[in-house]
Amino acid sequence: QSPKRSRNGSFPPPLFPQEIIFEILSNLPVKSLLRFRCVSKSWKSLIADNFFIKKHLKRTQNDPEFSKKRVLINIADIAPCTQPGSTIKSCSLTLKSIFEDPNVNTTEIEYPSKNESHSDWIVGSCNGLVCITIRENTVLLLNPTLRVSKRLPDIGFKKRRGYTVYGFGFDASVDDYKVVGVFSYPSIVKVYSLRTNCWRRIQDFPFEVFSNEAGKHVDGTLNWAVFSGQDGDFSIVSLDLAQETYKEVTQPCYGDGVDERTLGVLDGYLCVLCSYRKLYAEVWVMKEYGKRESWTKLVSIPYLPYERSEMFLTPVSVSKSGEILLRYGVNILLYNPKKNMFRIPMFPYDVISYISQAEVYEESLVSPTAVNQHR
């Protein structure tokens, strides 16, 4: 039976089963979903539903094209005669587009307590949420896509000397987002839970952490590069967010000639970038977290033939074709191992000279203020 026309002569919109609507909407970008909340009460309720949010997030994370992932960059102001500060911006292009298009614009991220004279720091990102610290004292959780943020309660460290480093991750055992603060002198550790909205102290950290080293989140753990032993050797120590226990992570055999190592996360895998006397660098990834035999050498990268060559610092992401995005000195580079060729994404001039951090985040509907999402 054909549908009846309305009084104005038009046909009513087709009625789709709820399952089909769910499947269609869960594949759409967040910005489209935010607009579609106005379509009807049922759509608004569906888009705010916890199950839908998790389904949408999973599809974003499983997208091999990186079409819903973006890069945050932290721009340090090191110009003379100015007060040191920083500005956090989001690349206008998706991660997929950065690999394809050399022209990249940026948009400044807005959040509470923002001040260009402050030294803000990106702690990390997880499921679309980004953790930011302001002068080590103020901690924020924010979703750049939703433009929603939450300021965390004061951590309660009474600092006379030393420094505080942080880590941010997800504890799947209780469906909770957690921030960990490690104070250096003495080694005091506190954990913040988004579900309870409070800090509590746990077992002290067993080693000395690097002063600018945020914990790297992988598979329910936070991982720090630390000094260990009398010689101050480079080691990796993990904190299990569920068990709240520490463990040293075994490393691969790097060979001779390593003079610098940097811990990072590359597309969800724990990674180490090793520099060999500024001749070349190697990127190692741990394909199965916690298993030493799963360490795999992903790529070797030659240093650029400059007299004052910068140091490779942080691998950011790897494209489907194997091209790697990384931070080199204070710039961002793309390296193609198949062609042994570098490319430089074209950022605005005020950006390219001062990039101090680069962090990948996912577009998601996860809100730091919606407590019911985390229960």
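The values are calculated or read from the model by the stated rules, or taken from the named source; none is laboratory data. Please read all numbers here as calculations on a predicted model, not as lab measurements. Counting neighbours? That spans all protein chains shown, and the Cβs are built from the backbone with ideal geometry, glycine included. Ligands, DNA and RNA are stripped out before the accessible areas are found, and what is left, the full protein with its side chains, is counted by its heavy atoms. Shrake-Rupley method; radii C 1.70, N 1.55, O 1.52, S 1.80 Å.
Residues are listed down the side, and each one gets a yes or a no for (1) outside the structural domain of residue 135 (by the TED database); (2) among the small types (Gly, Ala, Ser); (3) surrounded by 14 or more Cβ atoms within 10 Å (Cβ to Cβ):
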site: 167; (1), (2), (3): no, yes, yes
site: 171; (1), (2), (3): no, no, yes
site: 177; (1), (2), (3): no, no, yes
site: 187; (1), (2), (3): no, yes, yes
site: 198; (1), (2), (3): no, no, no
site: 203; (1), (2), (3): no, no, no
query: Among the residues of segment 318-328 satisfying the criterion of being among the hydroxyl-bearing types (Ser, Thr, Tyr) and touching a Phe, Trp or Tyr at 6+ places or on another chain (Cβ under 6 Å), which is modelled with the highest pLDDT?
result: 319
query: Only one residue in 276, 269 is over 25 Å from residue 61 (Cα atoms), among the hydroxyl-bearing types (Ser, Thr, Tyr) and touching a residue at least 12 places away in the same chain (Cβ under 8 Å). Which one?
result: 276
Check on residue 215, over 22 Å from residue 163 (Cβ atoms), in contact with a strand residue (DSSP E or B) (Cβ under 9 Å, 6 or more places away or on another chain) and open to solvent by less than 70 Å² (accessible area, probe 1.4 Å): no
- prompt: Consider residue 37 against the criteria (1) surrounded by fewer than 17 Cβ atoms within 10 Å (Cβ to Cβ); (2) at pLDDT 85 or above; (3) under 28 Å from residue 269 (Cβ atoms): it satisfies all of them except one. Which criterion is unmet?
  reply: (3)
field: Counted residues, segment 269-317 - those being aliphatic (A, V, I, L, M), open to solvent by 20 Å² or more (accessible area, probe 1.4 Å) and at pLDDT 85 or above
entry: 2
- request: Considering only segment 40-75, state which residues are open to solvent by 80 Å² or more (accessible area, probe 1.4 Å) and either under 23 Å from residue 268 (Cβ atoms) or under 18 Å from the mean Cα position of the chain (by Cα) (or both).
  value: 51, 54, 58, 62
